[in-house]
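In what follows, a structure is listed as structure tokens, so that the remarks can point back to it.
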């Protein structure tokens with residue numbers, strides 16, 4: 001007989017009947033909270049994420065102090081993963097490496113020995129080759145952790161405990177900064193100077209109501225590990241520190257080196273934070289190859305231990321400031337560090353804090369640490385005094401104590417009964433060696449008892465006095481200045497502040513271009529070219545078979561060409577970059593991101609200070625300053641929201657004060673251009689009302705000059721009674737006059 005093994009059906013109580021959406025939302029919420037609290041956001045008190053805190057604590061438990069020998073990083077990673085952080089060795093090692101990189105951390109917490117990567121972006125060596133120990137800054141974060149300064153919680157397997165937060169001797173959150181992306185939120189905190197932060201903390205202790213502006217007397221702004229020049233205005237930094245959100249513009253530090261005979265070169269000695277130097281050099285070289293940096297001739301990396309990038313100008317006539325300002329706009333020689341002070345508070349709740357809130361949270365934590373350490377010390381003192389009291393009783397009755405110990409069968413119980421001692425005191429007496437019963441030892445015990453009693457009274461007084469507690473917080477912060485002070489190599493400020501110079505780089509670029517007249521030719525199929533001089537007879541132009549002329553625009557090589565597409569975007573091209581006219585040119589869509597289904601509404605040369613009327617086929621429009629249309633991006637700049645029918649009209653406003661519009665229904669409406677709003681972008685206002693169809697055409701004219709239209713033969717026809725079509729904007733209008741073109745346009749296309 002063969003036994004058949006069958007799986008019993010699951011108990012009915014293990015089956016949960018609930019909607020899928022509720023089950024997914026509840027589980028996703030649990031996942032999101034886990035990422036926010038246990039992975040991505042730092043604690044406002046110690047500025048660390050859980051994996052960073054676990055690495056530091058594990059290294060301390062391994063006794064990897066600054067004065068100890070370093071150990072293999074593989075050993076450290078194994079200890080962290082096995083005891084505290086079971087989420088993969090690579091993530092732990094990456095964290096350890098970052099805390100050791102002096103170009104990533106303003107105050108490195110790990111002293112790395114070996115290849116820990118570099119500012120070029122090269123990867124560190126494998127963990128089996130590198131070694132590490134704690135730095136002096138890390139010991140400031142861990143100081144007092146064995147004195148009940150912070151709470152502990154069970155580790156993931158329940159076999160040990162780990163700290164919830166570190167004691168943190170200096171404001172590490174702002175000092176080292178951090179970045180992280182959680183679910184639905186992120187954090188981005190730049191590094192700062194610890195000495196300045198401590199100065200702000202001391203100012204906040206002196207005046208708990210100090211405003212952010214008063215704290216910024218000490219904390220001028222971020223202090224990045226790689227240095228650089230901060231060009232963010234003070235008002236912007238103040239708003240950032242007030243709200244906890246904003247940004248910091250940081251650019252490279254450079255100097256001019258004279259080479260003699262009127263030539264020079266630029267030497268970059270500091271690059272912006274988190275910019276890989278090798279990538280920056282490659283980016284600058286690509287700009288030269290693509291001819292997007294016409295003022296830059298060459299770039300070389302001559303870096304050794306220090307950063308040294310050499311930039312050679314295209315011509316010695318180029319001003320250094322003009323060259324650098326142009327490169328700041330085109331490359332990562334300048335970047336913007338986003339600031340988002342999103343952190344977990346003492347209760348584990350995420351939120352955005354300003355500078356004052358962050359410092360106050362740190363100070364509150366330091367006060368709690370000091371109070372807890374004082375209570376722990378007080379308990380130790382009380383326990384020692386208790387033992388000393390018993391020992392002093394023994395010295396006062398030394399002969400009787402010796403007799404009891406020598407002759408009694410149960411000396412411990414007899415000592416307790418004879419001298420009213422506790423078990424702890426009796427054990428201390430019994431554990432005292434005979435040679436310690438000398439007179440000298442008694443004097444030493446009495447001196448120790450007096451000293452401990454004095455210390456106990458001082459601690460008790462401090463615990464009962466809030467002002468004394470805050471005073472100790474300040475004293476502790478001042479003590480850390482010995483390690484992180486502004487006069488120490490580690491604490492000296494690296495980033496400097498400056499105002500970005502006002503340099504007209506466009507004028508300098510134009511000065512490098514030979515000014516010549518050209519004619520821009522755009523065919524119906526989108527092929528563009530630039531012919532030298534003026535094209536007087538367009539009929540002589542040649543196009544590919546089936547193609548024809550669409551736009552003919554007189555220009556100069558120093559001009560900017562604006563192209564208005566039917567999807568409401570403007571594209572900007574430099575006229576000196578246009579292909580020559582020996583052939584048929586090049587497809588416009590290779591120069592800009594323009595879909596084949598999108599048409600070209602207008603092509604014209606930008607005139608500074610000019611304004612244009614834009615309108616969509618749906619009958620909406622507004623007045624646009626031409627400067628708002630300029631954007632040297634392949635994707636262009638969205639200016640008009642044309643709706644599904646697309647853009648239709650682009651008119652130079654000039655001195656015109658009247659606008660005439662005609663719809664598909666053949667009705668014309670004329671109204672003053674003053675009724676149109678001037679906007680940088682948008683949909684605009686309604687120009688004319690239609691029951692069906694939309695806008696067909698429009699024209700602008702000056703009232704003093706009168707209105708006109710152009711017939712199919714190209715003749716200009718005056719319109720003397722145009723005032724009969726005057727009305728309010730958004731009106732329906734009246735049918736066109738007799739003789740108006742059958743195509744219902746003011747000019748043929």
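General remarks:
- Taken across segment 443-458, residues that are in contact (Cβ under 8 Å) with a residue 12 or more places away in the chain, exposed (fewer than 12 other Cβ atoms within 10 Å of the Cβ) and under 60 Å from the mean Cα position of the chain (by Cα) do not occur at all.
- Condition check for residue 547: outside any strand (DSSP E or B), within 36 Å of the chain's Cα centre (by Cα) and not assigned by TED's automatic domain parsing to the domain that holds residue 649: no
- Selection status of residue 714, touching a strand residue (DSSP E or B) at 6+ places or on another chain (Cβ under 6 Å), at pLDDT below 90, assigned to a loop (DSSP other than H, G, I, E, B) and assigned by TED's automatic domain parsing to the domain that holds residue 734: no
- Some residue of segment 674-695 being in a helix (DSSP H, G or I), in contact (Cβ under 8 Å) with a residue 12 or more places away in the chain and assigned by TED's automatic domain parsing to the domain that holds residue 613: yes
- Among all residues of segment 340-347, there is none that is in a helix (DSSP H, G or I) and either in contact with a strand residue (DSSP E or B) (Cβ under 8 Å, 6 or more places away or on another chain) or crowded, with 19+ Cβ neighbours inside 10 Å (or both).
- Set 269, 255: member being closer than 22 Å to residue 492 by Cβ, exposed (fewer than 14 other Cβ atoms within 10 Å of the Cβ), at pLDDT 95 or above and touching a strand residue (DSSP E or B) at 6+ places or on another chain (Cβ under 7 Å): 255
- Within segment 473-483, the set of residues being surrounded by 17 or more Cβ atoms within 10 Å (Cβ to Cβ) and more than 17 Å from residue 175 (Cα to Cα) comprises 473, 474.
- Checking each residue in segment 185-203 for being part of a helix (DSSP H, G or I) and surrounded by 21 or more Cβ atoms within 10 Å (Cβ to Cβ) picks out 194, 195, 196, 197, 198, 200, 201.
- Sole exception among (1) touching a strand residue (DSSP E or B) at 6+ places or on another chain (Cβ under 9 Å); (2) surrounded by fewer than 20 Cβ atoms within 10 Å (Cβ to Cβ); (3) over 22 Å from residue 501 (Cα atoms) for residue 299, by number: (2)
- Within segment 272-296, the residues that satisfy the criterion of being touching a residue at least 40 places away in the same chain (Cβ under 8 Å) and either part of a helix (DSSP H, G or I) or touching a strand residue (DSSP E or B) at 6+ places or on another chain (Cβ under 7 Å) (or both) are 272, 273, 275, 277, 278, 279, 280, 283, 284, 287, 295.
The values are calculated or read from the model by the stated rules, or taken from the named source; none is laboratory data. All figures in this text were calculated on a predicted structure; none of them were measured in a lab. Counting neighbours? That spans all protein chains shown, and the Cβs are built from the backbone with ideal geometry, glycine included.
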